1. Pop out the ³J(HN,Hα) list for segment 285-294 in order, Karplus 6.51 cos²θ - 1.76 cosθ + 1.60 with θ = phi - 60°, rounded to Hz; leave Gly and Pro as x.
2. So how do 68, 132, 197 rank on accessible area, 1.4 Å probe, biggest first, that is with the largest at the start?
Amino acid sequence: MTYTPNETLEEHPHFPIVLSTCEDRNQSRKLHQLSPSYGETASLFRVQDPFGLRKAIVPLFHADRAGILSGMGTGFALDPWGRFLTADHVIDFVRKSNASDGRYAVTPDNNVLALLGIGLIFGEVGVPSEAIVAMTDYFTPAVEVENPLDFTGTKARRPYDVAFIGSRTRPPADIIRNLPLRSRPTSPRVGELVVAIGFPEIELAHGPAADLPVAITEGMFAAYGRVSHLYPSGRDRTSPTPVFEVEANWPSGMSGGPVFNAAGEVIGLVSRSIAPANGEELGVAWATWLAGAVAPSMWPPSLDAGDAYWRNGWAAVRSDPWAVQGFPTTETDAENISQRLGADFSAKHVSQRLGTDTFTVLG
């Protein structure tokens with residue numbers, strides 16, 4: 001791959017990038033060629049995909065003690081059971097206390113909510129309650145760094161700018177999709193074309209979350225950029241998150257959104273950015289480098305390290321004739337299903353090709 005620094009994003013050899021959810025690709029559905037419409041530029045443009053990517057990439061909201069909603073940023077689904085990924089700085093204010101293992105209690109008067117993809121809506125209609133999921137589990141990887149204000153040599157823990165969040169209940173299967181994510185992706189290269197997706201435009205009619213429906217207007221946008229620098233150990237002592245720097249325009253609200261490589265796989269998430277200067281199309285942005293920020297043991301066991309389009313779980317399996325029932329996250333749940341189905345079934349650790357009925361027994 002070759003490119004010249006002064007070429008436009010549209011002239012890059014890998015433009016446009018083709019995206020799809022795991023389910024769409026596994027079902028050989030039409031893939032989404034991510035290109036701006038007439039009058040827009042590749043640096044920032046609206047994404048017209050109400051039924052695919054919107055079911056995997058979601059806007060995040062905060063509900064305060066009074067139930068008043070406000071937009072926070074972007075997240076995306078990791079699996080069908082309600083695990084999501086976002087930037088730590090999007091949700092760090094809900095923490096009640098720090099924890100050495102990266103897990104945090106949250107204050108009871110704060111709540112993080114995700115709006116799941118319910119498709120294309122015309123006119124003013126209410127948001128169905130099943131499309132709003134509340135997060136109850138938070139995990140942020142952290143690293144020990146030297147504390148310049150402590151002369152005793154005590155090390156401080158600083159979080160990486162990536163956060164795993166889990167929903168209180170499993171989202172309905174028809175309004176959640178997954179993105180291909182390499183839990184051990186290859187390193188991005190300088191000059192590589194990447195594209196980020198998020199929600200810089202969120203408007204809502206303020207009202208108690210308990211009184212949903214709430215009027216929400218959102219705009220999903222994509223923004224191309226070129227990788228300009230790699231920082232596998234972070235930019236400095238106060239910013240230890242492994243990142244890759246991108247010449248891009250990633251406005252506020254896109255934080256936590258996925259960053260895709262030319263193969264359409266998630267390799268990072270939107271972390272920080274500096275807006276373009278007057279007259280400039282691109283600013284400077286930093287994407288959390290997922291391969292460096294998240295150790296293999298920290299990824300949810302549902303992710304398949306060998307194939308980005310499969311997820312691991314449990315199921316009640318019968319060998320002869322072959323049958324698979326259920327796809328829960330725990331062996332206990334699979335055993336309960338097996339007991340209801342009869343002696344021919346047993347709980348097995350399995351992997352599913354998302355969006356299909358294809359399963360592989362793992363052991």
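The values are calculated or read from the model by the stated rules, or taken from the named source; none is laboratory data. Treat the numbers as computed from the prediction; the structure is a model and nothing was measured. For the accessible areas, the whole protein counts, side chains as well, though only heavy atoms, and no ligand, DNA or RNA atoms are used. Shrake-Rupley method; radii C 1.70, N 1.55, O 1.52, S 1.80 Å.
1. Working through the residues one at a time gives 9, 10, 10, 4, 7, 4, 5, x, 8, 10 Hz.
2. Details: 68 60, 132 30, 197 0 Å².
Solvent-accessible surface, decreasing: 68, 132, 197.
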